[in-house]
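To keep things clear, I will list the structure first and then write my remarks on it.
The values are calculated or read from the model by the stated rules, or taken from the named source; none is laboratory data. Owing to the predicted nature of the structure, the values given are computational and were not obtained by experimental measurement. Here the Cβ positions follow ideal geometry from the backbone for every residue, glycine too, while neighbour counts run over all protein chains shown.
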Amino acid sequence: MSVDRSTIWPYRDGEPGEFYYQRHAHPTGVEAERELGRLEGGRALLFPSGAGATTAFALAFLSPGKTLALAEGAYFGTGQTFEELGRWGLRVVEFDQTGSPPEGADFVWLEAPSNPFLTMPDLEAAAAHPARVLVDATAATPVFLRPLEHGADFVLHSATKYLAGHDDAQLGVVACKREEDAARLHELRTRTGIVAAPDPAYLLLRGLKTLEVRVRRQTETATELARRLREHPAVEIVRYAGIGGLLSFDVAGAEEARHVETSLKVITNATSLGGVDSLLEARARWEPERVPAGLLRLSVGLESPEELWADLEQALDFPGNSLARE
Ligand code: PLP
């Protein structure tokens with residue numbers, strides 16, 4: 001399909017058609033939403049970023065005085081978005097998503113697997129809770145997890161990551177189980193203008209064509225790298241959920257983490273995840289109060305596993321550090 005960048009479409013016989021003003025809907029976005037809905041088994045809506053999707057979702061379905069139970073260790077930016085919304089009267093309590101959500105919560109927010117701690121939520125326990133449930137499945141992707149089939153009411157993605165897959169499109173998605181929820185979210189989106197543009201929607205459509213082959217290959221490589229990292233003497237702990245290309249591992253401290261970041265030759269020292277190029281960064285620069293100083297997050301791309309391992313091995317060879325040489 002080609003990109004239609006129009007912001008207006010003429011009325012037909014004096015009446016607006018499916019497309020009349022871009023803030024309401026545009027053909028490239030609708031096409032991408034159709035494909036995303038098919039992947040998730042629900043009704044999908046596109047947003048200009050994952051954070052934008054979170055904000056739109058909160059404005060549409062949460063209200064002042066309500067309590068949101070948020071998975072501990074979920075993407076720190078999601079916590080920051082809700083912190084902003086705290087000024088509007090939303091309460092947030094964190095809980096361990098590997099168990100049951102707290103009693104009294106009005107809404108449950110899970111992340112599968114969590115970024116960067118890589119815990120998986122107990123979806124069954126969440127579905128048994130009376131509150132409605134959203135799963136941020138950015139790192140799992142619909143190739144490995146379709147939360148709407150496990151009792152969730154909503155699934156959210158930063159489509160900037162695996163869905164678009166090439167680090168060149170910023171987008172978010174919410175897929176709803178119920179048609180009436182999708183209609184409400186669409187209405188809020190049009191009214192607030194939290195809308196995705198046609199060009200990134202086109203890049204998303206192109207990325208989706210290779211989603212499955214990309215994430216299966218990234219999973220294979222990540223599984224092998226996690227295995228080798230676990231055996232490496234300079235690595236203290238490896239976190240990997242067994243699905244997807246995202247993992248994290250700890251070296252001794254900030255100095256060692258900086259050495260790895262600045263020694264890499266194949267893997268790019270940059271933030272984000274889910275693209276075809278491998279990325280690594282020390283997360284303490286962004287979230288020092290909750291991650292160890294030596295925690296390195298690795299997003300595995302499509303390079304050869306041997307090339308990636310050789311890069312990690314040479315970066316983990318700390319000069320003068322007896323740990324690395326034991
Ligand atoms: N959810 C998860 C799990 C993420 O990792 C991110 C970004 O890193 C987001 C949501 C926010 O998405 P975006 O950066 O597209 O706003």
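Among the numbered criteria (1) part of a loop (DSSP other than H, G, I, E, B); (2) farther than 23 Å from Glu180 by Cα, which single criterion is violated by Gln80?
If we test Gln80 against (1) part of a loop (DSSP other than H, G, I, E, B); (2) farther than 23 Å from Glu180 by Cα, just (1) comes out false.
List pairs: first in segment 13-37 and assigned to a helix (DSSP H, G or I), second at pLDDT 95 or above and among the β-branched types (Val, Ile, Thr), Cβ under 7 Å, 6+ apart or cross-chain?
So the pair list comes out as Thr28/Val3; Leu36/Val173.
Just to be sure, is Phe117 within 15 Å of the ligand (Cβ to nearest atom) and farther than 18 Å from Ala56 by Cβ? Spell out the reasoning first.
On the way: within 15 Å of the ligand (Cβ to nearest atom): yes; farther than 18 Å from Ala56 by Cβ: yes.
Answer is yes for this residue.
Please work out if Ala74 is in a loop (DSSP other than H, G, I, E, B), closer than 25 Å to Ser248 by Cβ and touching a Leu at 6+ places or on another chain (Cβ under 8 Å). Give the steps one after another, and end with the answer.
Details: in a loop (DSSP other than H, G, I, E, B): yes; closer than 25 Å to Ser248 by Cβ: yes; touching a Leu at 6+ places or on another chain (Cβ under 8 Å): yes.
So Ala74 fits the description; yes.
If I ask for residues that are over 22 Å from Arg290 (Cα atoms), touching a residue at least 60 places away in the same chain (Cβ under 8 Å) and within 14 Å of the ligand (Cβ to nearest atom), which ones from segment 50-79 would you list?
Within segment 50-79, Gly52, Ala53, Thr55, Ala56, Phe57 meet the criteria.
When the residues of segment 192-207 are filtered to those that are in contact with a helix residue (DSSP H, G or I) (Cβ under 6 Å, 6 or more places away or on another chain) and assigned to a helix (DSSP H, G or I), which remaining residue is surrounded by the most Cβ atoms within 10 Å (Cβ to Cβ)?
Leu204
Of the residues that make up segment 76-90, is at least one in contact with a Lys or Arg (Cβ under 9 Å, 6 or more places away or on another chain), within 16 Å of Val155 (Cα to Cα) and either among the hydrophobic types (A, V, I, L, M, F, W, C) or assigned by TED's automatic domain parsing to the domain that holds Leu163 (or both)?
No.
What is the residue count in segment 164-177 for residues that are of a type in the set (A, V, I, L, M, F, W, C) and either touching a strand residue (DSSP E or B) at 6+ places or on another chain (Cβ under 6 Å) or more than 10 Å from the ligand (Cβ to nearest atom) (or both)?
Start the filter on segment 164-177 by keeping residues that are of a type in the set (A, V, I, L, M, F, W, C), which leaves 164, 169, 171, 173-176.
Still in the list and also either touching a strand residue (DSSP E or B) at 6+ places or on another chain (Cβ under 6 Å) or more than 10 Å from the ligand (Cβ to nearest atom) (or both): 173-176.
Count: 4.
Looking at the structure I just gave you, is Phe57 part of a loop (DSSP other than H, G, I, E, B) and touching a strand residue (DSSP E or B) at 6+ places or on another chain (Cβ under 8 Å)? Can you show your working first?
Values: part of a loop (DSSP other than H, G, I, E, B): no; touching a strand residue (DSSP E or B) at 6+ places or on another chain (Cβ under 8 Å): yes.
When the stated conditions are applied, Phe57 does not pass them.
Let me spell it out: the conditions are (1) at pLDDT 95 or above; (2) more than 30 Å from Arg239 (Cα to Cα); (3) not hydroxyl-bearing (Ser, Thr, Tyr), and Leu36 meets all of them except one. Which number is the exception?
All conditions are met except number (2).
Please determine whether any residue of segment 259-272 is closer than 16 Å to Ala139 by Cα and not assigned by TED's automatic domain parsing to the domain that holds Phe144. Show your work before the answer.
Taking segment 259-272 and keeping what is closer than 16 Å to Ala139 by Cα, we get 271-272.
If we keep only those that are not assigned by TED's automatic domain parsing to the domain that holds Phe144 as well, we get 271-272.
Within segment 259-272 (the criterion being closer than 16 Å to Ala139 by Cα and not assigned by TED's automatic domain parsing to the domain that holds Phe144), the answer is yes, since at least one residue qualifies.
Listed here are the residues, each with its yes/no results for (1) surrounded by 23 or more Cβ atoms within 10 Å (Cβ to Cβ); (2) within 11 Å of the ligand (Cβ to nearest atom); (3) in the same structural domain as Gly275 (by TED's automatic domain parsing).
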| site | (1), (2), (3) |
| --- | --- |
| Leu39 | no, no, no |
| Gly42 | yes, no, no |
| Pro48 | no, yes, no |
| Phe95 | no, no, no |
| Glu111 | yes, yes, no |
| Ala137 | yes, yes, no |
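Tell me the residue from Pro142, Pro101, Pro121 that is without any contact (Cβ under 8 Å) to a residue 40 or more places away in the chain, in the same structural domain as Ala60 (by TED's automatic domain parsing) and over 19 Å from Asp277 (Cα atoms), please.
Numbers: Pro142 fails: without any contact (Cβ under 8 Å) to a residue 40 or more places away in the chain; Pro121 fails: without any contact (Cβ under 8 Å) to a residue 40 or more places away in the chain.
Criteria check complete, one pass: Pro101.
When segment 144-158 is examined, which residues are found to be within 16 Å of the ligand (Cβ to nearest atom) and not in a strand (DSSP E or B)? Steps first, answer last, please.
Residues of segment 144-158 that are within 16 Å of the ligand (Cβ to nearest atom), as a first pass: 144-145, 147, 152, 154-158.
Scanning segment 144-158 gives Phe144, Leu145, Pro147, Ala152.
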